[in-house]
Amino acid sequence: MSLLLSLHKQLGDFNLDIDTALPSSGVTAICGPSGSGKTSLLRCIAGLDIAPKGMVQFVGQDWQTERRTLKTEHRGIGLVFQDAQLFPHLTVAGNLEYARKRQFNSAGPSTEQVCDWLQITPLLNRSITKLSGGERKRVAIARALLRHPQILLMDEPLAGLHDSAREQMLDVLQSLAKHLAIPVLYVSHSFHEISRLADHVILLENGQLIAEGDLISLSTRLDLPLSHQQGAGAVLSAQLVEHDVDYQLSTIALDTDHQLTIKQISAPKGQALRLFVAARDVSINLEAPQKSSIMNIMPCTIDAIEHHSTASLSAQLTIRLKLNEQYVLAHITRKSCDRLQLQEGQRIFAQIKTVALINEYGPTI
Ligand SMILES: Nc1ncnc2c1ncn2[C@@H]1O[C@H](COP(=O)(O)OP(=O)(O)OP(=O)(O)O)[C@@H](O)[C@H]1O
């Protein structure tokens, strides 16, 4: 069962042209550059805009057919927009109560649970006008969830927040996703956000769906813009091997031949982990460096070398490196590539400066 979409709509010179089936669980990111059609797609799914002769079906319920269109308010959707759209004359509690009285279903999380997940319990008596940008966004998400929707749609919910507020919100959203029993569609152009939150990704360009799949496989596809943009990197799955308490480090395994050392984390041995290795943090050596302060040096094979297409980055190349079953990306200069005479199939050593833990997921193995 899934969210089936067949949406074709002309907006001025722009054509939205989407036929797909999205998963009905987990977080699906709708990603793409500005103007690619992310918001237009979300609005059509919500029924705020209608694509003539389109089709929207959610887990067997017809939201739009050729003959009939279900109004937005009858679709059971939780909506969170860039601007939180809260009622300024009500307190936080008043805004939540408004939603609670208009629930789609009686079954769903309680006000206490939702406030706890979004860390807004201390704010309940505050006026909306006295909230920070991040607080406002958390209240808007809580309000959407208290209607007990069957799906949550979020359009760039972190837009307008400064870096530290954005990171704090990402922590909250990441833990929220673990509690939610409903699917989430999350619009963002930030790969950083998506790598923290999404299970599944659809990538739009000029109103067309250019790729779809799980985050791990899409992050290292050289035919997609994701791997070339600033902030690009590989999402990897790993498993915790052991902790070195003296040095406060943890060892994690990508597979039987490749281990990494990271700052100590609290996860138990065997915990499945998701990691992010930024392409700019990977350098390539022809021989294993003997005296380096960088601990993570892994033998791998050059799988593919791709030239950046954008003129501003043409001094740089993206190189995909194969471990056993997984890949990392390296952004290096074209000059270095020529100097080292790098070629596809060549065995090299990747030196990895920083490994970021995205999250812990799945059962302990
Ligand atoms: N009502 C409209 N009339 C004409 N053109 C429109 C209309 N709504 C959207 N567009 C155009 O459709 C295209 C897609 O817009 P949309 O807002 O869906 O993109 P987006 O990917 O969400 O962009 P951003 O990341 O900047 O929010 C844009 O070129 C936009 O100008």
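The values are calculated or read from the model by the stated rules, or taken from the named source; none is laboratory data. Computed from a prediction, not measured in an experiment: that's the story for all the values here. Note that each Cβ is placed from the backbone with ideal geometry, even for glycine, and that neighbours are counted across all protein chains shown.
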Take the conditions more than 16 Å from LYS322 (Cα to Cα) and assigned by TED's automatic domain parsing to the domain that holds LEU340 and apply them to LEU273. Does it pass?
yes
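Among the listed residues ASP83, ASP49, ASP116, which satisfies the condition of being assigned by TED's automatic domain parsing to the domain that holds ASP17, in a loop (DSSP other than H, G, I, E, B), within 23 Å of the chain's Cα centre (by Cα) and acidic (Asp, Glu)? Outline the logic, then answer.
On the way: ASP49 fails: within 23 Å of the chain's Cα centre (by Cα); ASP116 fails: in a loop (DSSP other than H, G, I, E, B).
Only one candidate qualifies: ASP83.
Examine the range 174-189 for a residue that is within 16 Å of the ligand (Cβ to nearest atom), out of contact with any Leu (no Cβ under 8 Å at 6 or more places or on another chain) and of a type outside the set (Val, Ile, Thr), and state whether such a residue exists.
Applying the first criterion (within 16 Å of the ligand (Cβ to nearest atom)) to the range 174-189 yields 185-189.
Subset that is out of contact with any Leu (no Cβ under 8 Å at 6 or more places or on another chain): 189.
After this cut, where a residue has to be of a type outside the set (Val, Ile, Thr) as well, the list is 189.
Within the range 174-189, one or more residues are within 16 Å of the ligand (Cβ to nearest atom), out of contact with any Leu (no Cβ under 8 Å at 6 or more places or on another chain) and of a type outside the set (Val, Ile, Thr).
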Output the residues belonging to the range 268-293 that are out of contact with any His (no Cβ under 9 Å at 6 or more places or on another chain), among the aliphatic types (A, V, I, L, M) and closer than 27 Å to SER217 by Cβ.
ALA272, LEU273, LEU275, VAL277, ILE284
When you check LEU185 against the structure, is it under 26 Å from SER314 (Cα atoms), at pLDDT 95 or above, surrounded by 16 or more Cβ atoms within 10 Å (Cβ to Cβ) and aliphatic (A, V, I, L, M), yes or no?
no
Within the range 320-347, how many residues turn out to be within 13 Å of ALA304 (Cβ to Cβ) and crowded, with 21+ Cβ neighbours inside 10 Å?
6
Of all residues in the range 249-291, count the ones that are hydrophobic (A, V, I, L, M, F, W, C) and closer than 9 Å to ALA238 by Cα.
6
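Which residue out of LEU203, LEU173 is without any contact (Cβ under 8 Å) to a residue 40 or more places away in the chain, among the aliphatic types (A, V, I, L, M) and surrounded by 22 or more Cβ atoms within 10 Å (Cβ to Cβ)? It would help to see each step written out before you state the result.
Working: LEU203 fails: without any contact (Cβ under 8 Å) to a residue 40 or more places away in the chain.
LEU173 is the lone residue from the list that is without any contact (Cβ under 8 Å) to a residue 40 or more places away in the chain, among the aliphatic types (A, V, I, L, M) and surrounded by 22 or more Cβ atoms within 10 Å (Cβ to Cβ).
Of all residues in the range 122-140, how many are surrounded by 14 or more Cβ atoms within 10 Å (Cβ to Cβ) and either touching an Asp or Glu at 6+ places or on another chain (Cβ under 7 Å) or farther than 22 Å from HIS74 by Cβ (or both)?
12
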